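Shown next, in structure tokens, is the structure this report addresses.
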Amino acid sequence: MTLKKRTTLLFFLIIGSFFIMSSDISAESTAVIKVEPLNVRGGPGLSHEQVTQVHEGESYPVIQQKGNWVQIQMDSTKGWVAKWLVDLKGTSSVDKVTSDVDRLRIRSGPGTSHDILGHMNKGTSYTKSGEQGKWIRINYEDEQGWVHQDYVSVTTTASASSDEQKAEEKTVQVNNLNVRGEPSLTAEVIDQLDKGTKVTVTSEKENWSNITYQNNQGWVASQFIKKSAPASTQEDNNNDNPSTAQAKGTVTVETPILNVRSEGNLGSQVIAQVKQGDKLSFLQEKEAWYQIKLDNGQIGWVANWLVERGAVTESNSKQWITLLYNATNIRKGPGTDTAIVGRASMGDQFVVKSHKNKWYEIEYNNKTAYVADWIVANSQTDIKQMSQKNQTLKNKTIVIDAGHGGRDVGTIGHDGFYEKKLTIKTANRLAERLRLAGANVILTRTDDTYISLSSRATMSNVKGADAFLSLHYNSFPQSPSVSGIGTYYYHKRDRDFAQTVQRAMIQSTALHNREARFGDYHVIRENRQPALLLELGFLSNPQEGKTVQTKSFQEKITKGIAKGVIEYLNK
């Protein structure tokens, strides 16, 4: 071949390759930023280094997409942003390549002589980015791969602009619904959602739904979410069918003023207030909350630790037992050596099927399970004696110290999240929970403000606090697998306090127990009051970093801290 012919062939190969590699770029596509701020990374994934930040409302041209990440053009630079945190406008159609067989080889080039990059199982899909002969190029993880056309199906879907695309809102139907990184039971669990959580379905694949929720994104099994009913009345918003729901019993308010909320969490809207001694019909129980019906027919939720539950009204012929302790193990069989199938809280009630050899057989999540008879009660008298109504924080002053703030951002998580933002979030939730229990709560900071360490300890000393709690999240980037919750005390007098709170937090969250131990920290060393420093999880651990930011975890950790404080101050 002559030099001229080789040069001409090379030119066409280069031009051809350019068109193949550029087939997934749409000059008309624009990404509109939905959050403030949004991290821009050097590659399509949280493991890539943050290169800059963009801001809510800004628009940038889209260069390409890989999985759940979008590459955008910013002046003279480019970077990657999470697809679920932007609105895509004017996006062209997308070809999805789905494997028809298991273990389909993904190669580095269009031919069997190229290296194997990975495999596709039947039903797995990737975005098509080009083709050559009988080979199709796909966006595979962080690189380009090739599969043979004889073993795949290609479907074209219109990736319409956000103005045209109407994502469907659905509601989670079960507790602890696993959210996975990919649409597969073998994929990593990245979060869990509570029953009743609202999610937005952006796409579906076979029996899986791709959802967004609280600025997060993942995959859930489609069977466990259902289309949200239209909100026509207040009752419709709070109960599937409150007009026909039958009361399961009554609860009596045990605190001077109790907020009734729109949902079963401290972050929801206050819709009414009731007074001490008021008796309310309750319809259902979810974790630490009762759904109740007011005299005017309004449906709401109240915290179960601030009311006393009366007798159950349904099925008088059935025998019921009531748990005496939080974090009670529910087991698969009648013995402590059998598997734990769940945990339940003090006051939870279950129908008894049988009783033999010191174990109750009970109805649990529509199945049969077992609980030891020495940790339950079968009469309301026993429950009243064991109830939490004596565990009040009335006339107690508690100082909550949200670690860091202002110019002191604290540790930076695996995903670029600042510790200072999470500590104030936890502090506010904990403050509300403790106030509901009657405590006088003082926050060392209520916003993103820098506060010196000495000022934090001084506030506790001046106020004569009954308890001081400094909230933090940990980091050890040298070993991203390190995890867990730990409690630190400086003065020996506070060791029992630390052990009590640590035990309650572990029971509530089930995270790794790093135990209560001595720690030489200024805010507890210079504190004359009972003082603890709490490390509530590792932001440097990718999985735990995601977990601690979830609404579910924030509910559990604040519930655990409050329980430990109540238990210690009422000894």
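Brief remarks on what is shown
- Selection count, the range 13-33, where residues are modelled with pLDDT under 80 and within 27 Å of Tyr213 (Cβ to Cβ): 1
- Evaluation of Asp447 against the conditions (1) closer than 26 Å to Pro542 by Cα; (2) over 22 Å from the mean Cα position of the chain (by Cα); (3) not basic (Lys, Arg) shows that the sole unmet condition is (1).
- Scanning the range 120-157 for residues being in a strand (DSSP E or B), aromatic (Phe, Trp, Tyr), modelled with pLDDT of 85 or more and out of contact with any Lys or Arg (no Cβ under 6 Å at 6 or more places or on another chain) gives a total of 1.
- Selection status of Thr423, within 18 Å of Val548 (Cα to Cα), buried (at least 19 other Cβ atoms within 10 Å of the Cβ) and at pLDDT 90 or above: yes
- 3 or more residues assigned by TED's automatic domain parsing to the domain that holds Gly42, out of contact with any strand residue (DSSP E or B) (no Cβ under 6 Å at 6 or more places or on another chain) and within 20 Å of Asp415 (Cα to Cα): qualifying strands (runs of 3 or more DSSP E) within the range 53-119: none
- Candidate set: the range 250-305, residues that are among the acidic types (Asp, Glu) and over 25 Å from the mean Cα position of the chain (by Cα); chosen: the one nearest to Glu555 (Cα to Cα): Glu254
- Filter pass, Phe518 being over 15 Å from His472 (Cα atoms) and hydrophobic (A, V, I, L, M, F, W, C): yes
The values are calculated or read from the model by the stated rules, or taken from the named source; none is laboratory data. Keep in mind that what you see is a predicted model, and the values were worked out from it rather than measured. Reconstructed Cβ throughout: ideal geometry from the backbone, glycine too, with neighbour counts over all protein chains shown.
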